[in-house]
Amino acid sequence: MAAGPPNPLLSTARASDTSPVVQLHPLVLLTITDSLTRHTLRRLPGPVVGAILGQQNGQEITMEVAFQAKLNQNDAGEAVLDDVWFASRLEQYKDVHKVPALDLVGWFTLGPSTGPQSHMLPIHTRIQELHNDSPILLLFHPEDAVAEVKAGGKLPLTLYESISETGPVIPNDKAMDIDGAPTGKPVKFRELVYTVETGEAEMISVDFVARGGGNATAVEGTKPKASSSKSVPEASEDSSKKGKGKAKEPSKAEGVIDESTVLTAEDEEILSSLIAKSNAIKMLSTRITLLRRYLASLPPSYLSDPSLPFTNPPADPTTALPLNHPILRSISALLARIPILAPPDSAAFARETQEEQSDVQLVALLASIAGSVQSAKEVGRKFNIVDSARFQGKKGLMMGMSMGSMGMGGSQLGLDEGGGQYFDTVMGGGSGGRTLRERPGNYH
């Protein structure tokens, strides 16, 4: 298949040191895919265009939030931004995202992998005039999103920065005309390198979207209902022959739901976990295969063949990739870490693991014994306090009783002069009897 003509909007210059370094957040990708899904299902006319907000600190640019923009058609039938609506929505997003403060850093739209098209220039130049002097264009490629070659690899999108280069004037570049005269420096786009950065809140949203894949699978699995609907005409014909009483049986059969095709919350969680692990294993396999192919394409080295000279091998034009020593050092460091994960001497490793486990358990046992001794000591101290208090209470009570009995006089027992009449009456029996009189202090 022959390659198409080069895109006149793409710059042939490579990214320089002054090019921005972009950090792309998953929330922007979720917004783009959501806008594309709604636009497709609703069958809306026109392109999908939106704004991207983020932070800019020198050459570092972050793309954190995005929203879809409202478009209008001008007199020439071209899609342009609704300036009033766009400015109002942009201010609303700025009011919401004040800490940290976000501003317009770029915009997104859909396009082929070959690069930007001429109908994108009016929107780009309008954003340059009103909001940002150098907005970044995020071009999403829908045709590559479902391609198998992109699975587990590069995301189906490309970032471009706009530059002005001296070159042939593009006929459709109406945005760069001044008083009807085309300028000598048309707008061109240069591809940028980006990295994906994920925050905590975005991890939650991505996990929620991953869980939604289980529900989609469950909905697609409920296909036996279609077969039952196809059998309805045949059942209705049979029921019309047999009578009205049996005509209600097909309607009951239609309402039957196969519970085996419905996923529970636990099943969805397990499914999402398995899908994540499967994707991770596929990614690891892809990266290992890539490293093996790179090593296989390298020329022979003196490390593997002592007969070769101790010099760098000459460049082979047939090899696709040159010899890169930093990559080789990284691979060597990765191989050196493999024995840590899978030791060669498993018996010694198991014995050492058991020894460390025994040491840990012994320390835990000693700590438990020390705690028990401390508890027993505390119980003994409290018992001594209680026992001393009880002994002091009994001793004080006995001393009080003895002191009371020793200090008790005849007045307390009613044996004084006036009180002796009681004994006179009882023991004397009246007149003629002996009178018992006791003096105070003689009673013991």
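Rounded to the nearest 0.05, the FRET efficiency derived from the C-beta distance between V262 and N74 at R0 = 51 Å is 0.50. For segment 104-117, 3J(HN,Hα) computed residue by residue from phi via the Karplus equation (6.51, -1.76, 1.60; θ = phi - 60°) reads 5, 10, x, 8, 10, 7, 9, x, x, 6, 6, x, x, 10 Hz, glycine and proline entered as x. Relative contact order of segment 36-134: 29 percent, from C-alpha pairs under 8 Å at least 6 residues apart in sequence. Peptides 330-342, 78-90 ordered by packing proxy, namely the average of other Cβ atoms within 10 Å per residue, highest first: 78-90, 330-342.
In terms of packing, defined here as the mean over residues of other Cβ atoms within 10 angstrom, the peptides 28-35, 102-109, 270-277 line up highest first as 102-109, 28-35, 270-277. Once the Cα-Cα distance is subtracted from the 0.36 nm per residue extended length, the K377 to A336 segment shows a gain of 9.4 nm.
Here each label is just a point 7 Å from Cα along the line to Cβ, and for K154 and R43 those points are 3.5 nm apart. Using a probe of 1.4 Å on the protein chains alone, the accessible area found for Y160 is around 10 Å².
Solvent exposure of segment 25-143 amounts to 50 Å² per residue of accessible area, where only protein heavy atoms count and the probe is 1.4 Å. Summary value for segment 85-137: 40 percent relative contact order, contacts being C-alpha pairs under 8 angstrom separated by 6+ residues. Looking at the square roots a ≥ b ≥ c of the eigenvalues of the Cα gyration tensor of segment 62-160, which shape do they give, rounded for a/c under 1.5, prolate if a/b is larger than b/c, or oblate? Oblate shape, in that a/c is at least 1.5 and b/c is the bigger or equal ratio. Near D95: Cβ cut-off under 15 Å, other residues only, Lys/Arg at +1 and Asp/Glu at -1. The net charge is +1.
Going by a ≥ b ≥ c, the root eigenvalues of the Cα gyration tensor, does segment 327-373 fall in the rounded group (a/c under 1.5), the prolate group (a/b larger than b/c) or the oblate group? Judged from the Cα gyration tensor, segment 327-373 comes out oblate (a/c at least 1.5, b/c at or above a/b).
Between H97 and A145, residue separation times 0.36 nm minus the direct Cα-Cα distance comes to 14.3 nm.
The values are calculated or read from the model by the stated rules, or taken from the named source; none is laboratory data. All values reported here derive from a predicted model rather than from experimental measurement. Note that each Cβ is placed from the backbone with ideal geometry, even for glycine, and that neighbours are counted across all protein chains shown. Heads up: the accessible areas ignore ligands, DNA and RNA and are worked out on the full protein's heavy atoms, side chains in. Shrake-Rupley method; radii C 1.70, N 1.55, O 1.52, S 1.80 Å.
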